[in-house]
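Undergrad: Please read through the structure below; I'll follow up with questions.
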C-alpha cells in the first residue's frame, strides 16, 4: 500500500515515535499530576517536556498555555465554546472544516451567537476587504483554518490577524493541516488560540491534540472534573492548564507526540515542507498532463499551498476515484472531507473529490507511480 | 537538601519552577504530601537549595504563582 492520506493522519510514524510509545508503556505508566511517587513524577516530567517543546515550536507566551486534548476537533470546541458568549458575533472562512463550522452552527441554533462566512479571495487584499465588511460591533471572534484540508489552499492568516487586532477581536487559527508543515509563531502572528492535532504534521499517535490558548483562564469550561490540583475546591481551577484539562491525559500518546516533535525539529520544518511541496508539485504537474483528470486549483505556490491536492477522474465521483485507487494499492480519501463549505466554494458538492495528501515519508517514486496509475484509470 | 519549600497549585507549576531554577544553577526537588497542602487541597511543593528570597524573586519574575512557603521541620 502506498499511503497518500496524510491529511487524515500521518503514516508511517517515525521509528522514534513507535519506540517512545513502547517505552512509555513500560516506564511511564503512572498518572501524572496526581500522586507524589517516583513514577508519577517521572511521567509528569515527560508530559511537561512535551508541553515545553510545543510552547517553543509555536512561541507560546507560557508553557502552561499549552493544553492537551484528544484531537484538533476537541481543541476547537473548547476554544470556540469557551470564548463566545450570548450575543456575540463570529466570523469563519468558506474553507472551514466541520470542526469549526459545526460548533458555530450549534451555538447559532441554540440562539447564543450569530456568525458570518468570509469568502477567501484570490489574494490577501481581497480577503481583508471582504472581512472588513463583515465586522460588527459585537464581533468577538474570527476563526479560520490555516489551510484547506480538501484543496490545500492557504488562508492569509497574518492579514486576517491584523484586522482582528484592529477591531479588538479574538483570533483563532485551526492549524490542523499546517502544524509541523508551515512555521507558526503565535506572538508574531497575533494568534490568541491555536488548535492542532498531534497525529498529523507533528507525527504523534492518534488521540492527541493541542490547544495553545493565550489567557485560557477566561474560558467557560466544557468539561469539569479531577485535575489533581486544589482538590478540595468544588470549582474548576482558574489556572492553566488545569482549567482546561480534566481527567487523565493520554499519557502514552503525549509521550509519543513528544518524540514526533523531536522528529519535526531534527528534520527541520523547512526541509519537511520543501520535500512535501516538491512532491505536491510533481503530482500536480503529472495530473495536469493527463486528459480526463479534473483539477480544481491552480498549480501550487510555495507558502500558499499545503501538500494537498483534490482531483477527480472525469465522469466519476470522488469516492469512486478513491475506491479505484485503493484497489490498485493507493490509500487516499474520497468524498467531502468533512468540509462542505470548501466543496461548495469549489463547485464539488455533487461529486466530492479524491484527495491526495503528501507526508514526510512519501517519495518521488511513489509520486510517479501515483501519476502512472491515475493515467491508466483515465483511459 | 536544606532549604525552604514553596507550595504551588499544580504539577505543571512545580515542573516549571524546577526548570526555571535549573537555569540559575539552583537544584530543587518536587514533593507531594499532605504536609504541603494548599487551603484548597492537593498541591505540589518545590524544595529549593537556596535562600527563600532568591527563589521567590526567580519565581516572581517567571510568573510562577506561589501559594505559600514553609520551612522543613
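Undergrad: Let me know the mean shielding of B:22-31 by other chains, meaning the per-residue number of their Cβ atoms within 10 Å of its Cβ.
TA: Working: counts 0, 0, 0, 0, 0, 0, 0, 1, 4, 2.
The shielding value for this peptide is 1.
Undergrad: Rank these for me by crowding, A:50, A:371, going from fewest to most other beta carbons within 10 Å.
TA: Details: A:50 28, A:371 21.
By the 10 Å Cβ count, ascending: A:371, A:50.
Undergrad: Given the rule -39500 (n - 2.57) for each run of at least 4 DSSP H residues, summed and divided by the residues of chain A, what is its mean residue ellipticity at 222 nm, to the nearest 500 deg cm²/dmol? Could the numbers behind the result be given before it?
TA: Details: 12 runs with 152 residues, N = 379.
Result for chain A, helices only: -12500 deg cm²/dmol.
Undergrad: For chain A, take the longest principal axis of its alpha carbons; what is the angle in degrees between that and the long axis of helix A:124-134, to the nearest 10 within 0 to 90?
TA: Helix A:124-134 and the main axis of chain A meet at about 60 degrees.
Undergrad: For peptide A:46-53, what's the mean number of Cβ atoms from other chains within 10 Å of each residue's Cβ? List each step's numbers first, then the result.
TA: Numbers: counts 0, 3, 7, 2, 0, 3, 3, 0.
Neighbouring Cβ atoms belonging to other protein chains average 2 per residue here.
Undergrad: Let me ask something else about it. How much length is gained if the chain between residue A:132 and residue A:233 is pulled fully straight, taking 0.36 nm per residue apart and subtracting their Cα-Cα distance, in nm to one decimal? Could you put the intermediate results ahead of the total?
TA: Details: separation 101, 0.36 × 101 = 36.36 nm, distance 4.44 nm.
Here the segment from residue A:132 to residue A:233 would lengthen by 31.9 nm.
Undergrad: Something else now. What is the Cα centroid distance between region A:337-379 and region A:87-103, reported in whole angstrom?
TA: For region A:337-379 versus region A:87-103, the Cα centre distance is 25 Å.
Undergrad: Residue by residue through A:227-238, how many Cβ atoms from other chains fall within 10 Å of the Cβ on average? Write out the running numbers ahead of the final one.
TA: Details: counts 4, 8, 12, 10, 6, 6, 5, 1, 1, 0, 3, 1.
Mean inter-chain Cβ contacts per residue within 10 Å come to 5.
Undergrad: Note the full-extension length gain between residue A:86 and residue A:378 as 0.36 nm times their separation in residues minus their Cα-Cα distance, in nm to one decimal.
TA: Numbers: separation 292, 0.36 × 292 = 105.12 nm, distance 5.22 nm.
In short, 99.9 nm is gained.
Undergrad: A further question on this structure: Taking the Cα-to-Cβ direction at residue B:70 and at residue A:159 and moving 7 Å from each Cα, how far apart do the two end points lie in nm?
TA: Distance between the two pseudo-spin positions: 5.9 nm.
Undergrad: Moving on to the next point. For A:69, A:145, what's the fewest-to-most ordering of other Cβ within 10 Å of each Cβ?
TA: Working: A:69 25, A:145 31.
Ascending number of Cβ neighbours within 10 Å: A:69, A:145.
Undergrad: Still on this structure, please answer the following. Take each of the peptides A:235-242, A:249-256, average the number of other beta-carbon atoms within 10 Å over its residues, and list them starting from the highest. Write out the running numbers ahead of the final one.
TA: On the way: A:235-242: 18.9, A:249-256: 23.9.
Top of the packing list down: A:249-256, A:235-242.
Undergrad: Tilt of helix B:11-23 relative to the longest C-alpha principal axis of chain B, in degrees (0 to 90, nearest 10)?
TA: Helix B:11-23 and the main axis of chain B meet at about 20 degrees.
Undergrad: Continuing with the same structure: Using only Cα atoms and rounding to the nearest 10 degrees, what angle (0 to 90) does helix A:72-83 make with the longest principal axis of chain A?
TA: Result, in degrees: 60.
No value in this document is a laboratory result; all are computed from the given coordinates. Computed from a prediction, not measured in an experiment: that's the story for all the values here. Methodologically, a virtual Cβ is constructed for each residue, glycine included, from the backbone with ideal geometry; neighbour enumeration extends over all protein chains shown.
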